[in-house]
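Engineer: This structure is in structure tokens; I'll ask about it shortly.
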Amino acid sequence: MKALRKLVLLVILCLFLTACSESEKVKPNIILMNIDDMGWRDVGFMGSEYYETPNLDALAAEGMIFTQAYASAANCAPSRACMMSGQWTPRHGIYTVGSSKRGKSKNRKLIPTKNNTILGDENYILAEALKDAGYVTCHAGKWHLNDDPTTQGFDVNIGGTHAGHPSSYYPPYKNVPLEASEKNDYLTNLIMDKVLEFLDSVGSSPFFLNYSPYAVHSPIHPIRDLLPKYTNKAEWNGQNNAKYATMIENLDTQIGRMISYLMETDKLDNTLIIFISDNGGVYKFTKQWPLRAGKGAYYEGGIREPMFAYWKGKILAGSVCEDPISNLDFYPTLVDLTGINLPTDTKLDGNSLLPLFLGEKQTLNRPLFWHFPIYLEGGNKETQDPRFRSRPGSAIRYGDWKLIEYFENGDLELYNLTEDVGEKNNLAESNPEKLDELKKMLDEWRQSVGAPVPSEINPDWERD
């Protein structure tokens, strides 16, 4: 009888240990690729016939491509702060890079809202949540939210500081704390070397990698041996910058190295990969036509991003999602995926994309909002005016419709994006019912999140 009891206990123990082992096995690895300044059409899987991204195209083809994915802000720091905190800009107060008083004071009618430059420790960010859930966490590349990402949930930091771009992609990098190696001295390549070292170090532990290389942000430092290919290549849809094209192809090559490593180590099958850019492409370097404008503008060219999600056996290969989604949705998606219990006071403004990934749901019927009570200089012929990419305002996307409101003069722009994705035809006067509907939603949202609306006149302003 004692022998039988011991045998039963042994069997129960084995079953328990096996269950624990299986549970650890199925906890997916997570790679979030957040590329810097890559435009909506800067990759092959979004239609570019000039830039070459074979590795990304192959991975996207095996997953789900999102045709209407958005950044939550039109430039680097606020977009990254939203993604990491899971919150709209008014909640953390990061609206732009550096000062909100950009451009000449005489051209700014309003005194803009003061800008935060650091994502505060009071924010329980995505990396902290995943670390507390048992993930080994690594940030690689551009951070831009404080001086050191290891103070906010990352176990490993590869080159991340408060810097928004490197001084140089060739050594010495100066503001990026990495030492060049003899094998790979180009910064994008060196960061991938360090990423592969991290992946090799984690063993069988689940990992979260926030892969955010400085590429393809300026300075535009080309890969020299790729230049002849693009110099002699025909322009496509306004894309013709050979130096920039070499940076995109090289980035794709580095990502290909990582995918090869994951395949060789049998980790790819259990890895969820989300790919996106932090904002639109820089207008003077690349065009996103038919989308209007580029980085820094709240027209589609400044906020619509290339995106796909890959998870073998879970996300249907070759699938396409046309529903508008935001990088705000990543935090709740990964919480949903991993079953993390967040602190009760954690506020997330996005929605889980997991039902979309798994084909359980076809659409998310909700509005998306943007708030930018600041000035950002550097306008072009496709922005509202040639002086500023952004003037203080807000925007809402709901269904087929998008409304942009500017605070200086109360200007309103209403577009039907299904019929006019290039935002050429302002329907504010001809469709007052839709205008009122979206304006009311925008007003109520601003009130609900405490969004500041600047109204004080700048004494330096000179009326044209």
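Engineer: Of the residues N210, N175, N232, which is polar (S, T, N, Q) and either touching a residue at least 40 places away in the same chain (Cβ under 8 Å) or in contact with an Asp or Glu (Cβ under 9 Å, 6 or more places away or on another chain) (or both)?
Structural biologist: N210
Engineer: Still on this model: Within the stretch 168-227, restricting attention to residues that are among the polar types (S, T, N, Q) and in contact with a helix residue (DSSP H, G or I) (Cβ under 7 Å, 6 or more places away or on another chain), which residue is surrounded by the fewest Cβ atoms within 10 Å (Cβ to Cβ)?
Structural biologist: Among those residues, the one meeting the criterion is S181.
Engineer: For the stretch 258-288, name all the residues that are out of contact with any strand residue (DSSP E or B) (no Cβ under 7 Å at 6 or more places or on another chain), farther than 25 Å from A71 by Cα and touching a residue at least 60 places away in the same chain (Cβ under 8 Å).
Structural biologist: Within the stretch 258-288, Y261, T265 qualify.
Engineer: Across the stretch 444-463, which residue is surrounded by the most Cβ atoms within 10 Å (Cβ to Cβ) among those that are aliphatic (A, V, I, L, M) and assigned to a loop (DSSP other than H, G, I, E, B)?
Structural biologist: A451
Let's see how each residue does on (1) touching a residue at least 60 places away in the same chain (Cβ under 8 Å); (2) buried (at least 17 other Cβ atoms within 10 Å of the Cβ):
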| position | (1), (2) |
| --- | --- |
| L364 | no, yes |
| L368 | yes, yes |
| F372 | yes, yes |
| Y375 | yes, yes |
| G378 | yes, yes |
| S390 | yes, yes |
| N426 | no, no |
| L442 | yes, yes |
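Engineer: When the residues of the stretch 105-130 are narrowed to those that are among the basic types (K, R) and in contact (Cβ under 8 Å) with a residue 60 or more places away in the chain, which ends up surrounded by the fewest Cβ atoms within 10 Å (Cβ to Cβ)?
Structural biologist: K106
Engineer: Can I ask one more? Go through the residues of the stretch 60-83 one by one and say whether even a single one is surrounded by 24 or more Cβ atoms within 10 Å (Cβ to Cβ) and at positive phi.
Structural biologist: no
Engineer: Which residues, taken from the stretch 149-192, are over 30 Å from D132 (Cα atoms) and outside any loop (DSSP other than H, G, I, E, B)?
Structural biologist: L187, N189 - these are the residues of the stretch 149-192 that are over 30 Å from D132 (Cα atoms) and outside any loop (DSSP other than H, G, I, E, B).
Engineer: Tell me, please, whether a residue that is in contact with a strand residue (DSSP E or B) (Cβ under 6 Å, 6 or more places away or on another chain) and part of a loop (DSSP other than H, G, I, E, B) can be found in the stretch 115-134. Break it down stepwise before answering.
Structural biologist: Within the stretch 115-134, the first condition is being in contact with a strand residue (DSSP E or B) (Cβ under 6 Å, 6 or more places away or on another chain), and the residues that meet it are 127, 130-131.
Right, trim to part of a loop (DSSP other than H, G, I, E, B) and you get none.
No.
Engineer: Let me ask something additional. Condition (residue is within 19 Å of the chain's Cα centre (by Cα) and either among the hydroxyl-bearing types (S, T, Y) or over 30 Å from T338 (Cβ atoms) (or both)) applied to the stretch 195-210: is it met by at least one residue?
Structural biologist: No, because not a single residue in the stretch 195-210 is within 19 Å of the chain's Cα centre (by Cα) and either among the hydroxyl-bearing types (S, T, Y) or over 30 Å from T338 (Cβ atoms) (or both).
Engineer: Name, by its number, the condition in (1) touching a residue at least 60 places away in the same chain (Cβ under 8 Å); (2) of a type outside the set (F, W, Y); (3) over 29 Å from P28 (Cβ atoms) that does not hold for S181.
Structural biologist: With (1) touching a residue at least 60 places away in the same chain (Cβ under 8 Å); (2) of a type outside the set (F, W, Y); (3) over 29 Å from P28 (Cβ atoms) applied to S181, the lone miss is (1).
Engineer: Just one of T333, T344, T338 is of a type outside the set (D, E), surrounded by fewer than 20 Cβ atoms within 10 Å (Cβ to Cβ) and closer than 26 Å to E444 by Cβ; which is it? It would help to see each step written out before you state the result.
Structural biologist: Numbers: T333 fails: surrounded by fewer than 20 Cβ atoms within 10 Å (Cβ to Cβ); T338 fails: closer than 26 Å to E444 by Cβ.
T344 is the lone residue from the list that is of a type outside the set (D, E), surrounded by fewer than 20 Cβ atoms within 10 Å (Cβ to Cβ) and closer than 26 Å to E444 by Cβ.
Engineer: R304 fails exactly one of the following numbered conditions: (1) crowded, with 24+ Cβ neighbours inside 10 Å; (2) under 27 Å from G86 (Cα atoms); (3) touching a helix residue (DSSP H, G or I) at 6+ places or on another chain (Cβ under 9 Å). What is the number of that condition?
Structural biologist: Result: R304 passes all but (3).
Engineer: Look at the stretch 139-167 and say how many of its residues are buried (at least 24 other Cβ atoms within 10 Å of the Cβ) and β-branched (V, I, T).
Structural biologist: Adding up the residues that qualify gives 1.
Engineer: Across the stretch 418-464, what is the number of residues that are under 26 Å from G350 (Cα atoms), over 25 Å from the mean Cα position of the chain (by Cα) and basic (K, R)?
Structural biologist: 3
Engineer: So which of G359, G410 is surrounded by fewer than 20 Cβ atoms within 10 Å (Cβ to Cβ), more than 20 Å from G294 (Cβ to Cβ) and modelled with pLDDT of 95 or more? Give the derivation first.
Structural biologist: On the way: G359 fails: modelled with pLDDT of 95 or more.
Going through G359, G410 in turn, the sole match is G410.
The values are calculated or read from the model by the stated rules, or taken from the named source; none is laboratory data. The structure displayed is predicted, hence computed values, not measured ones. Don't worry about glycine lacking a Cβ; one is built from the backbone with ideal geometry, like all the others, and counts go over all protein chains shown.
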